[in-house]
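For reference, the structure discussed in these notes is given below.
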Amino acid sequence: MTLSTYSIGLAVHEDMAALVELLQVLFAIEQDFEPVPEVQWRGLDMLLMRPETACIMVARHPHDGVVGMASAQLVVSTASGGYSAWVEDVVVAQAHRGHGLARALLDALGGWAEQSGARRMQLLADADNPPALAMYDRLGWRPTRLFAWRRTPD
């Protein structure tokens, strides 16, 4: 298979089951998140309902359907005085890796981000996922000096 075998485009609600399945693959390797299909379904639905500020790109194979996804959301960045696109959930099904799909998905998100007025894109990557870290490096992403922190609201 080559990249030309696949198509890259916007996700639609009919893709939800495949998207949830892909997130199960991703969250199974990320220590910070737990795969809970109904929770992921709810989050994906929220993204799809906000096309002005969120985007889910998918990679489709003619026989296997949706085999990859990447999502992004716009946030206001005071550092850049404009929007920043937060990229999340970059995942390609194991059987379809190595064909340039992650790059194609990120490039498509980049086009959406630019059209939406984003001045930069940023993402979080699991420190325990060397293949993903190496891929982001190959694609020109650079680490920052910032650490990600989180907590739940009171």
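Can you find even one residue in the stretch 103-116 that is crowded, with 19+ Cβ neighbours inside 10 Å, part of a strand (DSSP E or B), in contact (Cβ under 8 Å) with a residue 24 or more places away in the chain and of a type in the set (A, V, I, L, M, F, W, C)? No, the stretch 103-116 contains no residue that is crowded, with 19+ Cβ neighbours inside 10 Å, part of a strand (DSSP E or B), in contact (Cβ under 8 Å) with a residue 24 or more places away in the chain and of a type in the set (A, V, I, L, M, F, W, C). Considering only residues in the stretch 136-154 that are closer than 17 Å to GLU88 by Cβ and open to solvent by less than 90 Å² (accessible area, probe 1.4 Å), the one that is nearest to the chain's Cα centre (by Cα) turns out to be TYR136.
SER80 meets all of the listed conditions (1) under 14 Å from the mean Cα position of the chain (by Cα); (2) at pLDDT below 95 but one, namely (1). Residue-level analysis places VAL67 among those that are closer than 18 Å to VAL20 by Cα and either part of a strand (DSSP E or B) or modelled with pLDDT under 95 (or both). Tell me which of these GLN40 doesn't satisfy, since it passes every other one: (1) free of Cβ contacts under 8 Å to residues at least 24 places away in the same chain; (2) open to solvent by 30 Å² or more (accessible area, probe 1.4 Å); (3) over 25 Å from TRP141 (Cα atoms). Among (1) free of Cβ contacts under 8 Å to residues at least 24 places away in the same chain; (2) open to solvent by 30 Å² or more (accessible area, probe 1.4 Å); (3) over 25 Å from TRP141 (Cα atoms), GLN40 violates only (2). Scan the stretch 86-102 residue by residue and report those that are open to solvent by 20 Å² or more (accessible area, probe 1.4 Å) and β-branched (Val, Ile, Thr). Across the stretch 86-102, the qualifying residue is only VAL90. Residue count for the stretch 107-131 under the criterion of being more than 23 Å from GLN31 (Cα to Cα) and under 13 Å from the mean Cα position of the chain (by Cα): the result is 7. Taken together, the residues in the stretch 11-62 that are of a type in the set (A, V, I, L, M, F, W, C) and under 15 Å from VAL90 (Cα atoms) amount to 20. Quick check on the stretch 3-13. Is at least one of its residues at pLDDT below 95 and exposed (fewer than 12 other Cβ atoms within 10 Å of the Cβ)? Yes: the stretch 3-13 contains one or more residues that are at pLDDT below 95 and exposed (fewer than 12 other Cβ atoms within 10 Å of the Cβ). Restricting LEU124, LEU47, LEU74 to those that are in contact (Cβ under 8 Å) with a residue 40 or more places away in the chain and under 23 Å from LEU10 (Cα atoms) reduces the list to LEU74. Of the residues making up the stretch 117-132, those that are open to solvent by 30 Å² or more (accessible area, probe 1.4 Å) and modelled with pLDDT of 95 or more are GLY117, ARG119, ARG120, MET121, GLN122, LEU123. When VAL76 is tested against (1) open to solvent by 30 Å² or more (accessible area, probe 1.4 Å); (2) part of a strand (DSSP E or B); (3) under 25 Å from GLU21 (Cβ atoms); (4) of a type in the set (A, V, I, L, M), just one condition goes unmet, and that condition is (3).
The values are calculated or read from the model by the stated rules, or taken from the named source; none is laboratory data. Bear in mind that the values here come from a model prediction, so they are computed numbers and not experimental data. Here Cβ is always computed from backbone atoms with ideal geometry, including for glycine, and neighbour counts include all displayed protein chains. Surface accessibility is based on the protein's heavy atoms, side chains included, excluding ligands, DNA and RNA. Shrake-Rupley method; radii C 1.70, N 1.55, O 1.52, S 1.80 Å.
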